[in-house]
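Written out below as structure tokens is the structure these notes cover.
The values are calculated or read from the model by the stated rules, or taken from the named source; none is laboratory data. All values derive from a computational prediction rather than experimental measurement. Here the Cβ is made from the backbone with ideal geometry for all residues, glycine too, and neighbour counts use every protein chain on show. In case anyone asks, the SASA skips ligands and DNA or RNA and just uses the protein heavy atoms, side chains included. Shrake-Rupley method; radii C 1.70, N 1.55, O 1.52, S 1.80 Å.
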Amino acid sequence: MATLVLADQTLEVPDQLPVVALRDLVFFPYMVLPLLIGRPASLVALREARENGGYLLLLTQKDVGIEDPSRNDIYRVGTIAQVVQVSNLPDGNARVVLEGLGRGRVRRFLKSAEGFRASVETYVPREASADDATEHDRLVRRVVKLYQDYVRLNDRLPDDLVAGVPLDTDPVRLGHLIAGHLLVLPSEKQEILEKKPFRDYVELLSEVLVREIEILRIEEKLDTQIRLQLDSDRKNVFLQEQLKAIHRDLGDEEEVDEWSELVNAVRDANLPDHARERAEREMVRLKKLNPVAPEAAVIRTYLDWILGVPWTGRTEDILDVQHASSVLDAAHYGLGEVKERVLDHIAVLSLVGELRGPILCLVGPPGVGKTSLGRSIADALGRDFVRVSLGGVRDEAEIRGHRRTYVGALPGRVLQGMRRSGSVNPVFLLDEVDKLARDFHGDPGAALLEVLDPEQNRTFTDHYLELEYDLSQVLFIATANTLGGIPEPLRDRMEIIRLPGYLDTEKRTIAERFLWPKQAERHGFTPDEIGVEVDAIDEIIRRYTREAGVRELDRQLSRVARKLARNKAEGSRAELVVVGVGDLQELLGPPPYLASGREEEGDRAGIANGLAWTEAGGEVLDVEVAVVPGAGNIELTGTLGDVMKESARAAVTYARSRAELLGLDRKFHQDVDIHIHIPEGATPKDGPSAGITIASALISALTSVPTRRDVAMTGEITLRGRVLAVGGIKEKAVAAMRNGIKKVLLPADNEPQLALLPEEVREALTFVPVQTMDEVLGEALAGGLDDKERGQPDLTHGALGPQLHQ
């Protein structure tokens, strides 16, 4: 048994007690509270307590969210309580009235099949102890005074609660009752309960009361200030209305308030009927509202947008085809296809006066001038130009706007751009349309369908304005690096115009006519002070840049101009500076891109030249195949995508199916491992167009017949050796010419596209349309298929010839 000393008696309680875990409640001694017990472990503890004198230990959970706590989830100091009354409820729960007797501490938890049991010791031999009676009384009186102030300031506590705490009772009982009525976190109450010396207990209780009183006083002060502010606002509104009435009585016409300005703006605005009706309806609502009300500010902003968006104002088009042609040629070199399409549009406008729905999409690698071309089209037509970047836009409301119910709502980017333009017929550039994102906020690409559909954009509706707006007179131009990122329904509404990238000769002309003069002027030079030789420009293009556009070329020319500007500032320059090829090492450093060296390599076995099409334009890729002794494994490396891996497996299957015709053993694949690698290994690659290249390199490695170094190829392969059409012929042909290739093998189905190639490319390359892999091997292998047995490995007996061991 354990001895529990109370204020007026001494009780003997069992030293082993059932435990009830409490959620969000700290039970203090001398408190009498009803509790609802429903958890199975707590019901078992209650039943055991009633069978053994009605005593139990109440401990608080550390985390209220745990439904079935373990012994580590509850505090070890709590209150020993006695069951006063129990009422069993129909749902199996029990309503019990408990009276706290004193504090107890868990020595250890005991094993129990159900519920908790614990070996308990009373927390202190005597709950009250104070060495100095005067200090004891002072602390108690201070806590009582603070508690009275706390109850008075707290609206959630009734004023008669002070009367429920007998102030003339035992100080220990008084402290427990006050702590039990505090509205603080359970963790703070638990900290008070665990203070062992009575002095520490009362001091902590005093600190908590001081803090809570200070918080309550701050809240009371804030409430008072808010009430005074509201009264002041009402007074200001009343005085403003009186002032307006005085001005009306005096006939003071010069006093024009904000309301009158808004009324005049709506009356004078050239609005369509449905917009005017909506504006007048909002004006009626605004007049009834308090000017300082939040909704009044929302309506004023809404009216500003209705008045700010252009409804009828338009610019006159310059319908002169010759003028447009001169503007485009002055700003851009090359780009013949897109220029022709713009001039066709202007010609039709000059004949019919209106052309609905021209939605152009300029697709090409970075740096070819897609964005600047949109501005040039606007200059050629004499229209306003608006650019909206869609890169990374992931919220549908960015296009169609937010509804006015949201705080800080605004129209979407389309109407914001129309407001900036000030006319109903601008050139509207949707930049980076392939970079749109999609997530739980919505699909902005789907929101663009109504904008770009000629049959729907006459009645475009923004979520903010909630008014039909006519976009049919806008010339929309979208730009993208690839078509892969554009949703199919959106792509269907646009006319695709490809910008394939520039030839080296075109880059040279652009650098001479546009880039270098601009950089020279930007860095403080006159045209007569500095210059760049044509050979130096060619060297920068070949050895310092690798791109389809001219952005990197512009950066390199900027570096040259900066170096010359530094020399000029330091005074170490001649009067006239002409940069030659020999000066580039000093100005730009070592060239990052070296020559391919294909002419020096000679014919080689197991390697074939493939043509790839990337966002940066065309590229020539080497496909390498190594055949080594093994057990029939196929290794694919080079960061290949799933489609390219399937093409490689199809090439292996084709080689197996043609083994006898190629002079190979039918079971050669069982005795060798085939490793297919496509440099550069860190660059991801995918697509079916490398199929015939992989097959050619594989057969070359198996037969030891070298491939031609000056032949490149592109095409998809089937299991039966047919060659299927691929895309990006123009870009691939330009890359082949740039890398010194002489002959290009391409699918016969792509032959009609050769007519679209620049004359320079058609003259520099020999194009061979192919339909089957036999034709490919006849052109790609040195000497054709007749020499395939030269250096052939001996695979008849499962062993590799010496050529495969090199």
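Odds and ends about this structure:
- Percent carbon-and-sulfur accessible area, the stretch 713-786, ignoring ligands, DNA and RNA, probe 1.4 Å: 47
- Ordering 332, 122, 92 by the projection of their Cα atoms onto the charge dipole of the chain, which places +1 on the Cβ of Lys and Arg and -1 on the Cβ of Asp and Glu, puts 122 at the extreme positive end.
- Radius 13 Å from Cβ of residue 678, net charge of other residues (Lys, Arg +1; Asp, Glu -1): -4
- Ordering 60, 347, 641 by Cα displacement along the dipole of the chain toward the positive end leaves 60 in first place; charges were set at the Cβ atoms of Lys, Arg (+1) and Asp, Glu (-1).
- Counting only protein heavy atoms and a 1.4 Å probe, the stretch 529-593 has 52 square angstrom of accessible area per residue.
- Amide H partners (placed H, <5 Å) of residue 532, local residues excluded: 579
- Cα-centre dipole for the chain with unit charges at Cβ (Lys and Arg positive, Asp and Glu negative), debye to 20: 1640
- Value of Rg/Rh across the stretch 702-748 [Cα atoms, Kirkwood radius]: 1.02
- Within the stretch 613-668: Cβ-based charge dipole about Cα centre, in debye rounded to nearest 20 (Lys, Arg +1; Asp, Glu -1): 420
- Matching the structure-derived Rg and Dmax of the Cα atoms in Å against the labelled list (i) 37.1, 148; (ii) 33.5, 106; (iii) 43.3, 119 gives the label (iii).
- The stretch 317-406: GluC sites (Glu not before Pro) falling in loop per DSSP and having at most 11 other Cβ within 10 Å: 354
- Among the GluC sites (Glu not before Pro) within the stretch 644-711, those in coil by DSSP and having at most 15 neighbouring Cβ atoms inside 10 Å are 660, 680.
- For a straight C-alpha distance cut-off of 30 angstrom, the lysines reachable from residue 196 (same-chain residues fewer than eight places away being disregarded) are 62, 111, 145.
- Using a probe of 1.4 angstrom and keeping all protein chains present, the accessible surface of the stretch 284-326 works out to 57 square angstrom per residue.
- Cα-only Debye scattering, the stretch 50-109: base-10 log of I(q)/I(0) at q = 0.27 Å⁻¹: -1.12
- Across every direction, the projection of the convex hull enclosing the Cα atoms of the stretch 396-448 has a mean area of 4.5 nm².
- Take the chain and mark each of the trypsin sites (Lys or Arg not before Pro) that is in a DSSP loop with at most 12 other Cβ atoms within 10 Å; the longest unmarked stretch, sites excluded, is 404-665.
- Partners for residue 563 among lysines (Cα-Cα distance below 25 Å; same-chain residues under 8 apart left out): 507, 518
- If only the Cβ of Lys and Arg carry +1 and only the Cβ of Asp and Glu carry -1, the dipole of the stretch 478-575 around its Cα centre is close to 380 debye.
- Charge-dipole axis of the chain as Lys and Arg at +1 and Asp and Glu at -1 on Cβ define it, positive-most pick from 706, 740, 750: 706
- With respect to the chain, whose longest principal axis is taken over its alpha-carbon atoms, helix 336-352 is tilted by about 80°.
- In the structure shown, the pairs 221/287; 645/667; 370/685; 370/568 are assessed against 32 Å; a Cα-Cα span above that value is assigned to 221/287; 370/568.
- Split the chain at each of the chymotrypsin sites (Phe, Trp or Tyr not before Pro) in a DSSP loop with at most 13 other beta carbon atoms within 10 Å, and the longest piece is 1-405.
- Helix 198-250 and the longest principal axis of the Cα set of the chain meet at an angle near 70°.
- Rolling a 1.4 Å probe over the protein heavy atoms of the stretch 373-501, with every protein chain left in place, gives an accessible area that is 45 percent carbon and sulfur.
- Helix 294-308 axis, angle to the chain major axis (alpha carbon atoms, nearest 10°): 10
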